[in-house]
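One structure is given here, and the rest of the page talks about it.
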Amino acid sequence: MSAATAPVDTPRARSGDVLVSAVQRNAWIVGLLLFLALLLVFTKLIQPSYGVTGVQGLAISVLPLALAAVAQAVVVISGGLDLSIGSMMALVSVVVAVLMKGQSETFGVVVVVGALLLGLLIGAVNGGLVVVTRVPDIIVTLAMSFVWAGGALLILPTPGGGSAKWLTGIVSGSFGSEWLPKAAVVLIVIVAVVWIPLRRSHLGLSIYALGSNRLAAFRSGVAVGRTKILAYAITGMFAALAGLSLTASTGIGAPVPGPYSLLSIAAIVLGGVSLAGGRGGVVGPILAVVVLQLISTDLTFLNVNTNLSTVVQGLLLIGVVMVGSLAQIRRSRA
Amino acid sequence: MSGLVSAPGVNRSRSTSAALGGLLRDHPIIPLLVLFAALVVLSELVRPGIVSPDWIGVILRSAVPLAILAGCQTLTMLTGGIDLSVGTVGSMAGFLVATLVSGPGTAEGIVFALLAATLAGLVTGIGVGIFRVHPLIMTLGMSLVVLGLANVWQLQMVKAGTHVAPELRTLGSQLLFGVVPLSLVVFLPLAAFILIGLRRTGYGRLLYAVGDNPIAARLSGARAWQVLVVLYVISALMAALAGILLSGLTNVASVTLVESSVLPSVAAAVIGGTSILGGRGGFGGTIVGALILTVVSSLLSSLGYPEAVRQVLFGAIIVLVAAAYTRVTGEH
């Protein structure tokens, strides 16, 4: 969000200036981090026993939504929107659970690779339909959400199937220090291996360009249609990872989609991605998901009715976006 | 809107196909009605004898709540918005009435539910209109808020119990003479109100203006925020009405009853030719869109397909119709 307001660096900026400008450029993320730190302190104060188990539980429970938010972020940055993420997750989750049940551990690796390819494919189908039919993204992906959810139901009518042991092992427990849950490591590795190279690549630049100004991108030689399809394909792949994490954390596949499509939109907006496209990254949305989860944990500790925590999440979403939009209104008037 | 494009002289000089294209562009409801008729004929062909007065009554009866919800989407989409909170607001209204029937009474329950919906709509409208929160986010946030509050209310009312008032069951499900759903008593005046309101009143024109070109609307003196606040209150009231009718139709009172109709309501508005980008569309097409979706899902279930196949075909048909529609009307 803040990228556009960041001052242009002078060639010989001193190290202090560099730091200041880095903070300014990532003001939203820094704010989220500070808020998260405060929230952790608050959690420890109201629940002194909150510790290793709490952090591990937090990491496992945020993983599916965090990956869904990354998926949504990619397509929204490209100027689109994907309402079928929840359904794609369900589809991949049941495919994996059905194929892995009773099979060897090594076959599980093949299944995981296949699941990622499946994600790329169904994402590309979404993107292809958006490009070819010229129907607005929200409508195409809304309709496709029925198709993918129906497909999931077709493959596995009731929750079932199984998961390779290594897949469930990859997200539970900790890595090295017990304060570092494996689920968090998985998330960091995925972002580092997929997102960071992508963002720096030609394709990544094209995705940002397409989202911030379609016409300008077209005139500067971005292959608009191809970039859009690829952005949707990458979203599909992240949705597949999110679906894998569902199977990994429950050990089975569930055909009915969770509320991930809409919650991922909430998460990316809280994470500083502009719905208009072209602005934001994936770190903000992930932090936003962690914050949301921690807030609802805290509300449980405070013995607040769980239903009220839904209310709080809604109010938080509205409140944060309202503040952001007020700041923007003020800037545009100034 | 598109009436400006085809002056009569221009059409005459072109080939018949261009003239036909122009006709379809000017009256986008024609291909929709053709599609609807084709679906009815198809239903009769694959299941001979299915199209009966009773069938028509059942189709109309289940299309009514969907058409009202799609009306919420149509009105908000005209301004470039969307209302994802219709599901929770509608469910909340139906549920509220059901919890108040045995205590204060049905009429009081309905008044209370409509007041609650007005409040929800007012908050949404203020968020969208004054604070300029994106409608998608605002209505998503509001639906979380309303759902949470409805759940809290549910816990409060566990002892009192819920039951759908017999009057509402009659209103939602009764078929007069076996054909005409009683719910048309609510729907027809509402539909007339929206159709005339959009075409003939200043407020209706303002909805198109704000959605088509917000800057031009502002420069010509429209106060967009007032338009939007009123709009989201109207939308919430309509959602509440649909929720109450749906709880009467299904004889169910639950805080998530209308949830499954939210996405179909968006689809119905889009199939009916309303552009999600704002400024284009109308309620007439939306009603046909709701009818088409109802016939499609009835056709799919009468063919005995399992739920999974029905969902896949349902989604595929929405994409196809929306794509064909975009082609025919030349909208980008």
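Only one of (1) open to solvent by 50 Å² or more (accessible area, probe 1.4 Å); (2) within 14 Å of another protein chain (Cβ to nearest Cβ); (3) at pLDDT below 80 is not met by B:Met157, so which one is it?
If we test B:Met157 against (1) open to solvent by 50 Å² or more (accessible area, probe 1.4 Å); (2) within 14 Å of another protein chain (Cβ to nearest Cβ); (3) at pLDDT below 80, just (1) comes out false.
Inside region B:272-320, can you point out the residues that are more than 16 Å from B:Leu69 (Cβ to Cβ) and polar (S, T, N, Q)?
Answer for region B:272-320, where residues must be more than 16 Å from B:Leu69 (Cβ to Cβ) and polar (S, T, N, Q): B:Ser275, B:Ser298, B:Ser301, B:Ser302, B:Gln311.
Exactly one condition in (1) under 18 Å from the mean Cα position of the chain (by Cα); (2) hydrophobic (A, V, I, L, M, F, W, C); (3) within 14 Å of chain A (Cβ to nearest Cβ) is not met by B:Ile59; state its number.
(3)
If you scan region A:81-105, which residues turn out to be open to solvent by 10 Å² or more (accessible area, probe 1.4 Å) and outside any helix (DSSP H, G or I)?
Listed by number, the residues that qualify are A:Leu81, A:Leu83, A:Lys101, A:Gly102, A:Gln103, A:Ser104.
Restricting the search to region A:75-89, which residues are over 15 Å from A:Arg226 (Cα atoms) and in contact with an Asp or Glu (Cβ under 7 Å, 6 or more places away or on another chain)?
Hit for region A:75-89 is A:Leu81, nothing else.
Do we find a residue being in contact with a Leu (Cβ under 7 Å, 6 or more places away or on another chain) and of a type in the set (A, V, I, L, M) anywhere in region A:322-334?
No - not one qualifying residue is present in region A:322-334.
Is there a residue being open to solvent by 40 Å² or more (accessible area, probe 1.4 Å) and within 14 Å of chain A (Cβ to nearest Cβ) anywhere in region B:181-194?
Scanning region B:181-194, I find no residue that is open to solvent by 40 Å² or more (accessible area, probe 1.4 Å) and within 14 Å of chain A (Cβ to nearest Cβ), so the answer is no.
State the number of residues belonging to region A:120-132 that are over 19 Å from the mean Cα position of the chain (by Cα) and open to solvent by less than 20 Å² (accessible area, probe 1.4 Å).
Here the count works out to 2.
Restricting the search to region B:160-170, which residues are of a type in the set (A, V, I, L, M) and either modelled with pLDDT of 90 or more or open to solvent by 30 Å² or more (accessible area, probe 1.4 Å) (or both)?
B:Ala160
Anything in region A:99-137 that is within 14 Å of chain B (Cβ to nearest Cβ) and farther than 16 Å from A:Leu230 by Cβ? List them, or say none.
Within region A:99-137, A:Thr133, A:Arg134, A:Val135, A:Pro136 qualify.
Let me spell it out: the conditions are (1) more than 14 Å from chain A (Cβ to nearest Cβ); (2) within 30 Å of B:Val158 (Cα to Cα); (3) open to solvent by less than 30 Å² (accessible area, probe 1.4 Å), and B:Asn251 meets all of them except one. Which number is the exception?
It fails just one condition, (3).
Within region B:130-141, does at least one residue satisfy the condition of being at negative phi and away from every other protein chain (no Cβ under 11 Å)?
No, there is no match, as no residue in region B:130-141 is at negative phi and away from every other protein chain (no Cβ under 11 Å).
Tell me whether region B:108-126 contains one or more residues that are facing chain A (nearest Cβ under 10 Å), open to solvent by 30 Å² or more (accessible area, probe 1.4 Å), closer than 30 Å to B:Ala217 by Cβ and not polar (S, T, N, Q).
Within region B:108-126, one or more residues are facing chain A (nearest Cβ under 10 Å), open to solvent by 30 Å² or more (accessible area, probe 1.4 Å), closer than 30 Å to B:Ala217 by Cβ and not polar (S, T, N, Q).
Among the residues of region B:257-285, what is the count of those that are within 14 Å of B:Leu35 (Cβ to Cβ) and not aliphatic (A, V, I, L, M)?
The number of residues fulfilling the criteria is 3.
List every residue pair whose Cβ atoms sit under 8 Å apart, with the two residues 6 or more apart in sequence or on different chains, where the first one lies in region A:272-290 and is charged (D, E, K, R) and the second, anywhere, is open to solvent by 10 Å² or more (accessible area, probe 1.4 Å) and modelled with pLDDT under 85.
Hits for this filter: A:Arg279/A:Met1; A:Arg279/A:Ala3; A:Arg279/A:Ala4.
Got a sec? Which helices (runs of 4 or more DSSP H) wholly within region A:255-334 have at least 1 residues that are open to solvent by 50 Å² or more (accessible area, probe 1.4 Å) and more than 13 Å from chain B (Cβ to nearest Cβ)?
A:283-301
Within region B:304-318, track down each residue that is at the interface with chain A (Cβ under 7 Å from one of its Cβ atoms), within 21 Å of B:Arg47 (Cα to Cα) and within 20 Å of the chain's Cα centre (by Cα).
Within region B:304-318, B:Gln311, B:Phe314 qualify.
For (1) modelled with pLDDT of 90 or more; (2) within 14 Å of chain B (Cβ to nearest Cβ), each residue gets a yes or a no:
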{"position": "A:Ile139", "(1), (2)": "no, yes"}
{"position": "A:Ala143", "(1), (2)": "yes, yes"}
{"position": "A:Ala149", "(1), (2)": "yes, yes"}
{"position": "A:Ile155", "(1), (2)": "yes, yes"}
{"position": "A:Gly161", "(1), (2)": "no, no"}
{"position": "A:Lys165", "(1), (2)": "no, no"}
{"position": "A:Phe175", "(1), (2)": "no, no"}
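Can you confirm whether A:Leu205 is in contact with an Asp or Glu (Cβ under 8 Å, 6 or more places away or on another chain) and either under 17 Å from A:Ala242 (Cβ atoms) or aliphatic (A, V, I, L, M) (or both)?
When the stated conditions are applied, A:Leu205 does not pass them.
Report those helices (runs of 4 or more DSSP H) wholly inside region A:137-252 carrying at least 1 residues which are among the small types (Gly, Ala, Ser), over 26 Å from B:Ile318 (Cα atoms) and open to solvent by 20 Å² or more (accessible area, probe 1.4 Å).
Ranges flagged: A:165-171, A:182-190, A:202-212, A:214-219, A:224-250.
The rows are residues; the columns are (1) at pLDDT below 90; (2) surrounded by fewer than 17 Cβ atoms within 10 Å (Cβ to Cβ); (3) not polar (S, T, N, Q).
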| residue | (1), (2), (3) |
| --- | --- |
| B:Leu23 | yes, yes, yes |
| B:Leu32 | yes, no, yes |
| B:Leu42 | yes, yes, yes |
| B:Ile50 | yes, yes, yes |
| B:Pro65 | no, no, yes |
| B:Gln73 | no, no, no |
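The values are calculated or read from the model by the stated rules, or taken from the named source; none is laboratory data. Not measured: the values here are computed from a predicted model. Heads up, the Cβs are rebuilt from the backbone with ideal geometry, glycines too, and the neighbour counts pull from every protein chain shown. These area figures cover heavy atoms from the full protein model, side chains too; ligands, DNA and RNA do not enter into them. Shrake-Rupley method; radii C 1.70, N 1.55, O 1.52, S 1.80 Å.
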